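For reference, the structure discussed in these notes is given below.
The values are calculated or read from the model by the stated rules, or taken from the named source; none is laboratory data. This structure is a prediction, so every number in the text was calculated from the model and none was measured. Ideal geometry is used to build each Cβ from the backbone, glycine not excepted, and the neighbour counts take in all protein chains shown. The area values use the complete protein model at the heavy-atom level, side chains included, leaving out ligands, DNA and RNA. Shrake-Rupley method; radii C 1.70, N 1.55, O 1.52, S 1.80 Å.
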Amino acid sequence: MPEQFSLSTQQRDTINTLLTIITDKVSSNVKDVDLPHGLLSGLAGQLLFLYKAYEYDASLVDEALFTDKLEALQEELDQQSFELSNGLAGQAWLLEYLNQADPEDYDPELLEEVDQLFCASLDHQPWQGEIEMVLGLSGFAPYASRRAKQSDQTALYDVIVSGLESTATRFDNGHITWSQPQTSVYRFNKDAPEEPEYNLGLAHGVPGIIAALLPAVEIPTLRERVTALLLGACDWLLEQQSPDSASPSCFGSCAGGEHLSRLGWCYGDLTIAMTLARVGQQLDRPSYIERALEIGLHAAERDEQSGHIVDAGLCHGFYGMALIYQILNQLMPDPRFLQAMQYWLDHALQQYTERGIESLYAYNGLDKDYYEDFGFLMGYAGVGLALVSLLDDDTSWVDCLLMA
């Protein structure tokens, strides 16, 4: 961890207790429940947590159970849909992540058929489906960028970039953005599907598309096209920032609406700041980094009330906040990010002291109630991943959420 961040002995003991509880619960769930195989809420995400917990402390995890369930996941790859959330894109990302864990044992042929399958199935011009990351085209980028660490992914990224080029809205001033497709399940305004709707969340909107495109700038034949998209999109995104410096949030959930948003991975200022900083560093645009720092530090002043945070998970919860500030501090080291990271960890552990294991439950906004969730995005597995990352400062897995 950075020198300024410290865990007291009591906090470390509490975290280790929590990890024991969480690994027991996730292991039992993986063993006893017939889970869907998806990354964000199913088996793949829970296996990711168990793998990272095993790396931290091998005694926490039953290696035979992990191996058995990983083999079961691999055996049913041909029965999966394709998207990141529940489908092959997320599961294949996990397999590549595990494949790369030991460079000496890396199998370059393990996922070659998946590469070919994605290239063929996504090659539709213009692209007609969802464009965001959870169900759409941007959700294939984590797999492509992870694979690109060990193999040539020019063909797959060319398909992804071409699809996003085909759906882009271009303005006379050079700005570029993307409107939610008329039939998108993520449209806020479904009553007027013909009206442009520019979503500002990392999960379902323009920041996620920017983050999905970013790794492709490292591919020589795509660099010029991708750079143009990134610069036009970041310039457009910055124009959506609230002019009111006193506003709690800098960005809303959609362009043209109120400048109000929660704190979280899915929506809000934090992952917009993270995305701008990453583009600024990759393309040597100091102005993006400066704006990203301002936005991130503005968000660091918010607490659970102003941030609308009522549960624990990675998506928009206590532990997700601590992880996001950890990543922001890795990108743009600043003691105020470390203070925010410490605040959210303190708050999360205080919730555990007061409420026990129920403090880790997910909140259902429709039912206005808490429930036990074992998954990666909303439940125990994600909380456990955040805790392990706080202990060992390893955030190498966050590219599957477009945060690296």
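Would segment 6-89 count as rounded, prolate or oblate if I go by the C-alpha gyration tensor, calling it rounded below 1.5 in a/c and otherwise prolate when a/b exceeds b/c, oblate otherwise? Judged from the Cα gyration tensor, segment 6-89 comes out prolate (a/c at least 1.5, a/b above b/c). Estimate the FRET efficiency between THR154 and ASP393 by the formula 1/(1 + (r/R0)^6), using the beta-carbon distance for r and 35 Å for R0, to the nearest 0.05. Working from the Cβ atoms, E equals 0.60. A Cβ-based charge dipole, computed about the Cα centre of segment 322-387 with Lys and Arg at +1 and Asp and Glu at -1, lands at about 240 debye.
Once the Cα-Cα distance is subtracted from the 0.36 nm per residue extended length, the GLU358 to GLN339 segment shows a gain of 4.3 nm. Among CYS250, CYS119, CYS315, which one shows the biggest mean-square fluctuation in a GNM of the chain, springs joining Cα atoms closer than 10 Å? Result: CYS119 has the largest fluctuation of those listed. A straight chain from ASP107 to GLN305 at 0.36 nm per residue would run longer than the Cα-Cα distance by 66.5 nm.
Of all segments of the chain bounded by trypsin sites (Lys or Arg not before Pro) found in a DSSP loop with no more than 16 other C-beta atoms within 10 Å, the longest spans 191-367. In the calculated pair-distance distribution of the chain, the portion above 26 angstrom amounts to 52 percent of the Cα-Cα pairs.
Our helix-only sum for the chain, with -39,500 (n - 2.57) per DSSP H run of n ≥ 4 divided by its residues, gives a mean residue ellipticity at 222 nm of -15500 deg cm²/dmol. Residues in segment 307-315 carry Karplus couplings, in order, of x, 6, 10, 10, 9, 9, x, 4, 4 Hz; the curve used is 6.51 cos²θ - 1.76 cosθ + 1.60 with θ = phi - 60°, and Gly or Pro positions show x.
Shape of segment 1-141 from its Cα gyration tensor (a ≥ b ≥ c, root eigenvalues): rounded if a/c is under 1.5, otherwise prolate when a/b > b/c, or oblate? Prolate, since a/c reaches 1.5 and a/b exceeds b/c. Its Cα gyration tensor gives segment 306-404 an equivalent ellipsoid, and the semi-axes of that ellipsoid, as √(5λ) in whole Å with the largest first, are 22, 15, 12. Under 12 Å from the Cβ of ALA155, count the other residues' Cβ atoms, weight Lys and Arg +1, Asp and Glu -1, and hand me the total. In short, -4.
Considering only SER162, GLY256, CYS119, the residue lying farthest towards the positive end of the dipole of the chain is GLY256, judged by Cα position with unit charges set on Cβ.
If you run the Gaussian network model on the chain, springs between alpha carbon atoms under 10 Å, then out of LEU117, LEU263, LEU323 the most flexible one is LEU117. Across the cross-link table entries LYS190/LYS368; LYS31/LYS368; LYS25/LYS69, which are compared at the Cα atoms, the separations over 21 Å belong to LYS190/LYS368; LYS31/LYS368.
Residues with beta-carbon under 14 Å from that of ASN16, excluding ASN16: net charge, scoring Lys, Arg +1 and Asp, Glu -1? Neighbourhood net charge equals -3.
In order along segment 280-296, the phi-based Karplus estimate (6.51 cos²θ - 1.76 cosθ + 1.60, θ = phi - 60°) of 3J(HN,Hα) comes to x, 6, 5, 9, 6, 10, x, 5, 5, 5, 4, 5, 4, 5, 4, 5, x Hz; Gly and Pro are listed as x. ILE309 contributes about 10 Å² of solvent-accessible surface, heavy atoms of the protein only, 1.4 Å probe. Restricting the calculation to Cα atoms, every distinct pair contributes to the Kirkwood radius of segment 81-122, found to be 10.9 Å.
Local charge for HIS347 was computed over the other residues whose Cβ lies under 11 Å away, with Lys and Arg +1 and Asp and Glu -1, and equals -4. Each Cα pair of segment 185-256 feeds into the Kirkwood radius, which the Stokes-Einstein equation turns, at 4 °C and 1.567 mPa s, into a diffusion coefficient of 94 µm²/s. Take the alpha carbon atoms of segment 325-404, find their center, do the same for segment 83-107, and report the distance between the two centers in whole angstrom. After rounding, the separation between the Cα centres reads 23 Å. Cα centroid distance between segment 10-35 and segment 224-269, in Å? Comparing the Cα centres of segment 10-35 and segment 224-269, I get a distance of 36 Å.
Taking every protein chain into account, the accessible area of the chain amounts to 41 square angstrom per residue (probe 1.4 Å).
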